[in-house]
């Protein structure tokens, strides 16, 4: 079945540091890939997405590129801020008419001033 | 404003009682979902519904029940058969056609059972 593996946290960085959160997946067909962010005590918000190989999703300074050859969708940001402290989830939707998402376990990011 | 509302934000119950969590959306989405979130385990799918009057079990449906009588509403009942009901519950919705099919989440309900 489908699965998503993302790097375990917690990740602690200083403000303005470079961020990478690794995400790899296993899926049949050609999945769509997503990154969601969850701030403390809240629901999830879509951060970015990519629907086909070599697509780059970007939003709020975050980027991720859909790499089919390595089945990866790593999240990056060049300069993190304290306000980026949150839990980040990688997720996939398999092709076809099933609209379920499969989530990774989440990575807690803490950015210190 | 379009969105998903979940109520209440915090819910406390005694062991052995059933409890129903509310989820309403005004996004005109066909599909709705319930997830459970526990520390270190990510999100696990409880039930989902892709059309009114129809729903399917997710990965951890035991001890839960749902109904989908209206497109806008997808309430979740946590029954006394659920062995570890204390958790954060998230409702989501999505379209089932077109290019915009990502899931939109509500703010969650934190259920504590003692």
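The values are calculated or read from the model by the stated rules, or taken from the named source; none is laboratory data. Computed from a predicted model, the values in this text were never measured in an experiment. Heads up, the Cβs are rebuilt from the backbone with ideal geometry, glycines too, and the neighbour counts pull from every protein chain shown.
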For this session: Would you confirm whether any residue within the range B:78-94 is outside any strand (DSSP E or B), modelled with pLDDT under 95 and under 16 Å from residue A:99 (Cβ atoms)?
Result: no
Problem set entry | Criterion violated by residue B:101 - all others in (1) touching a residue at least 24 places away in the same chain (Cβ under 8 Å); (2) touching a strand residue (DSSP E or B) at 6+ places or on another chain (Cβ under 6 Å); (3) surrounded by fewer than 22 Cβ atoms within 10 Å (Cβ to Cβ); (4) closer than 29 Å to residue A:47 by Cα satisfied | (1)
Exercise. Limited to the range A:14-47, what total is found for residues that are surrounded by 17 or more Cβ atoms within 10 Å (Cβ to Cβ) and touching a residue at least 24 places away in the same chain (Cβ under 8 Å)?
Worked result: 16
For this session: Sort through B:87, B:61 and tell me the only one that's within 29 Å of residue A:107 (Cβ to Cβ) and surrounded by fewer than 18 Cβ atoms within 10 Å (Cβ to Cβ).
Result: B:61
Problem set entry | Hits in the range B:45-58 - residues which are more than 14 Å from residue B:75 (Cβ to Cβ) and surrounded by 15 or more Cβ atoms within 10 Å (Cβ to Cβ) | B:45, B:50, B:58
Seminar exercise, completed: Taking first residues from the range A:84-104 that are over 17 Å from residue A:37 (Cβ atoms) and facing chain B (nearest Cβ under 8 Å) and second residues anywhere that are at pLDDT below 80 and surrounded by fewer than 20 Cβ atoms within 10 Å (Cβ to Cβ), the pairs with Cβ under 9 Å that are 6 or more apart or on different chains are A:93/B:101; A:99/B:101
